[in-house]
Amino acid sequence: MAERRGGDDSGSVRVIPVGALARVEGEGALHLVVDEGGRVAELRLQIYEPPRFFEAFSRGRRADEIPDLMARICGICPVAYQMSAVHALEAAFGVAIDPAVRALRRLYYAGEWIESHLLHMTFLAAPDFLGLDDALQIARLERAEVERTLRLRKLGNRILILLGGRSVNPVGVRIGGFHRVPRPAELAELGDELRRARGEAEALLRWFGSLPVPSRPQAVELVALRHPSEYPMNEGRVVSSRGLDVAADAFEETFEELQVPHSTALHSRLRRDGGTYMVGPLARVALNADRLAPAAAAAYDALGQRFERPDPAASVFARGIEVLQAIDEAIAAIDGFEPPSTEPAWAPRAGVGRAATEAPRGLLFVAIETDAEGLVQRLRIVPPTSQNQRQIETDLRALAPSALGLAEDRLRRVCEAAIRDYDPCISCATHFLTLTVERRAAPCA
Amino acid sequence: MTARRPTLAIFKFASCDGCQLQILNLEDELLALAERVEIANFLEVSSHAIEGPFDVALVEGSITTAHDAERIRRIREQARTLVAIGACATSGGIQALRNLADAAAWKAQVYPHPEWIDALPTSTPIAEHVRVDHEIQGCPVNGGQVLRVLVRALLGTQPDLPTTSVCLECKRRGTACVVVTRGIPCLGPVTRAGCGAICPALGRDCYGCFGPAADPNPAALLRHFEAGGLSRADAVRRLRHINGWRREFRGLADRLEGRDG
């Protein structure tokens, strides 16, 4: 039995099952209703990934259990969940962070960006550009590029293993710092490997530049963190391409979440005008191009025309640029490293902490309220995929009219690729999408 | 090619995708594996999906909806060997914490319209629904263990996974015991080996993410920790964690909380 969901024929509405959408992380479906005039009447990105109720079961847990619990939200980006939550707890408890810890945290983020972006670029997105089913088929044609991807991913995973013991559900993070600080020799060895990897990452990005990556420009508001001097990872103000500029603490007053019947992931929108927006690598690169390190900045300049208008399809290039950026962030964190002078120390108190960090897939907001003993009273998580859902629907609504004339298989592939631009990580938000198209038959005269 | 390649299918239920990712994290073995077996279904990374039957099905995730309870039955019918991988599939996972809670209240805490959410009040392991040939514990699973079980299953022999505790891995690594030297309440003595004892190696407590070792004695261990000052509430929290729905941990937590009457 293959994982496919079919539709049915009933009455005057024709439902055409178009098959499963694969190569996304999580479970969902796309439902398109086409009216008699051939226009899109309804479009719903249905997410039926079963909810796991993290926000509910975290109530009553101890603050120091939260990093281990949060990692379980997403196997692909556990660092971002751990770290947004840890930052929020540190804000609630008023914990001062040693500069060495901050440097190691940037190294830790860099590791996750590298492994997550490369998974998306070669394994999830590249098959679209080549008309293939998966990266294993690519390996038969372009084995060197798939092997290059695996080597680079392994390096990203190595960073996570050094700081966290393993790359999935790493165990090294605690409030105020890490359980173990790496030895200088371990960091130096990693630094040497990272320096060698820069050329590999540039070569991989050149290969993507040679692929027929489509263009799908959209009038989209880009939202990302912005820091006074750094490329944004673990802190900054929330800014947008349309002039938004607020403190991360003001996230809840700036954005709202709402539930729609067809998704187990809450939707987000701007309170300002109810508008949709996009978070993720494309938004980060576009809003922080002046913060890129030299190698990433050179790659950005070389790909300049792909970033002139917001184009979600250019996200794959933004990921490649951020792989380069992450390599240089990691090298910088290692080269300037001085071991911390203090042990992580904190004491619980009643309070509320809020934090936004940049997960591989975009801005991730967490608010945590604790009682005087440090037991969690309220947890709110706003993952990047939740925020992007409405924008994905908006993009598809804009895209669908020109694609409805295509054969069903082509239509499915176009819609899948447009969804995949956002690298939706549906298991985070609350895996696979089935596309159904309902064509409402013209009434018999 | 002289013989048909064996078929491998990978399915996901309620989970974080981390166990599937552990397969993709086999950077040095992945391409060779894909040459030796036909990947018949692995939706996270491939649009290529063929009908069963499958020689081996790896199942990640727990059963949390009526639809998924039906879906796992169909997968069982199609799979010659079914292997449950990871804490969700073998214990219900962290989301099984709902099994003791008022699930309806939880829905209402997270969603303004709980009535739109189709979810069972429980999260249960695969073996509570269908016959499971092998279980690989861990949150996440060890990718090397998945590979070993796969090879054994394809050879038609039984897997040889460790049943001992994390303590043995600490001894092999030469990690000083965090219980003995620092008095940290570590669950290593009752937790199954397989992770490589990474938590004590980082200087912290094991929190039991690989699930119970064979014939564990968590009652004696927690008695020891309570004598050392661990509160009853914290003792229960240690048990009601990622593998909290496993009988070995659940029964003791119920007794400590006085839930068993």
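FYI, it's all coordinate maths here, none of it is from the lab. Bear in mind the structure is a predicted one, so any value in this text is a computation, not a measurement. Note that we place each Cβ from the backbone using ideal geometry, even for glycine, and neighbour counts take in every protein chain shown.
Computed from the C-beta positions of A:E200 and A:E257 and an R0 of 45 Å, the FRET efficiency is 0.65 to the nearest 0.05. Of the GluC sites (Glu not before Pro) found in segment A:216-325, those in coil by DSSP whose Cβ has at most 11 other Cβ atoms within 10 Å are A:E308. Averaged over peptide A:250-259, the number of partner chain Cβ atoms lying within 10 Å of each residue's Cβ comes to 1.
The longest part of chain B holding none of the exposed loop trypsin sites (Lys or Arg not before Pro), meaning those outside H, G, I, E and B in DSSP with at most 14 other Cβ atoms within 10 Å, is B:132-258.
Counting only DSSP beta bridges whose two residues both lie in the protein assembly as shown, roughly 65 percent are antiparallel. Positive end of the dipole of the protein assembly as shown (Cβ unit charges, origin at the Cα centre): among B:G208, A:S341, B:C16, the Cα lying farthest that way belongs to B:G208. Summing charges over neighbours of A:G274, with a neighbour being any other residue whose Cβ is under 14 Å away from its Cβ, gives 0 when K and R count +1 and D and E count -1. With a simple spin-label model that places each label point 7 Å from the Cα along the Cα-to-Cβ direction, the separation between A:R349 and B:T181 comes to 3.5 nm. Here the 3J(HN,Hα) profile of segment A:134-140, calculated from phi with Karplus coefficients 6.51, -1.76 and 1.60 at θ = phi - 60°, is 6, 5, 5, 5, 4, 4, 6 Hz, Gly and Pro shown as x.
Of the GluC sites (Glu not before Pro) found in segment B:1-102, those that fall in a DSSP loop while having at most 15 other beta-carbon atoms within 10 Å are B:E29, B:E51.
Please give the net charge around B:F210, taking every other residue with its beta carbon less than 12 angstrom from that of B:F210, where Lys and Arg add +1 and Asp and Glu add -1. Counting the neighbours of B:F210, the net charge comes to +1. Mean sequence separation of contacting Cα pairs (under 8 Å, at least six apart), scaled by the length of segment B:166-257, corresponds to a relative contact order of 24 percent.
Looking at the square roots a ≥ b ≥ c of the eigenvalues of the Cα gyration tensor of the protein assembly as shown, which shape do they give, rounded for a/c under 1.5, prolate if a/b is larger than b/c, or oblate? Rounded shape, in that the Cα axes give a/c under 1.5. Each residue of segment A:400-416 was assigned a 3J(HN,Hα) from its phi angle through the Karplus curve 6.51 cos²θ - 1.76 cosθ + 1.60 (θ = phi - 60°); the sequence is 4, x, 6, 9, 5, x, 6, 4, 4, 5, 5, 4, 4, 5, 5, 5, 4 Hz, with glycine and proline shown as x.
So for A:M278, A:M233, fewest C-beta neighbours within 10 Å to most, what's the order?
Numbers: A:M278 29, A:M233 24.
Sorted ascending by nearby Cβ count, the order is A:M233, A:M278.
Under 20 Å of direct C-alpha separation, and excluding same-chain neighbours fewer than eight residues apart, B:K107 reaches these aspartates and glutamates: A:E27, A:E49, A:E55, A:E256, A:E257, A:E369, B:D68, B:E115, B:D118. Straight Cα distances below 13 angstrom link A:K154 to the aspartates and glutamates A:E112, A:E115, A:E193, A:E200, B:E27, B:D28, B:E29, with same-chain residues fewer than 8 positions distant left out. Residues A:S241, A:S215, A:S58, ranked from the fewest to the most other C-beta atoms within 10 Å, line up as A:S215, A:S241, A:S58. The ranking of B:D215, A:D192 by Cβ neighbour count inside 10 Å, starting from the fewest, reads B:D215, A:D192. Taking the Cα centre of segment B:7-155 as origin and assigning +1 to Lys and Arg Cβ atoms and -1 to Asp and Glu Cβ atoms, the resulting dipole is close to 340 debye.
Less than 10 Å Cβ to Cβ from A:D98, Lys/Arg counted +1 and Asp/Glu -1: what total charge do the surrounding residues give? Result for the neighbourhood of A:D98: -1. A Cβ-based charge dipole, computed about the Cα centre of segment B:166-257 with Lys and Arg at +1 and Asp and Glu at -1, lands at about 120 debye. For chain B, adding -39500 (n - 2.57) for each run of n ≥ 4 DSSP H residues and dividing by the number of residues yields -10500 deg cm²/dmol at 222 nm. Shown here for segment A:329-408: GluC sites (Glu not before Pro) in loop regions (DSSP other than H, G, I, E, B) with at most 16 other Cβ atoms within 10 Å, namely A:E373.
Listed values for segment A:250-267 are Karplus-derived 3J(HN,Hα) couplings in whole Hz (6.51 cos²θ - 1.76 cosθ + 1.60, θ = phi - 60°), namely 8, 4, 5, 7, 9, 10, 10, 10, 9, 9, 10, x, 8, 9, 7, 9, 5, 8, and x replaces Gly and Pro. Springs between Cα atoms under 10 Å define the GNM used for chain B, and in it the highest mean-square fluctuation of B:A84, B:A32, B:A40 occurs at B:A32. Shielding of peptide A:129-138 by partners, expressed as the average count of other chain Cβ atoms within 10 Å per residue Cβ, is 4.
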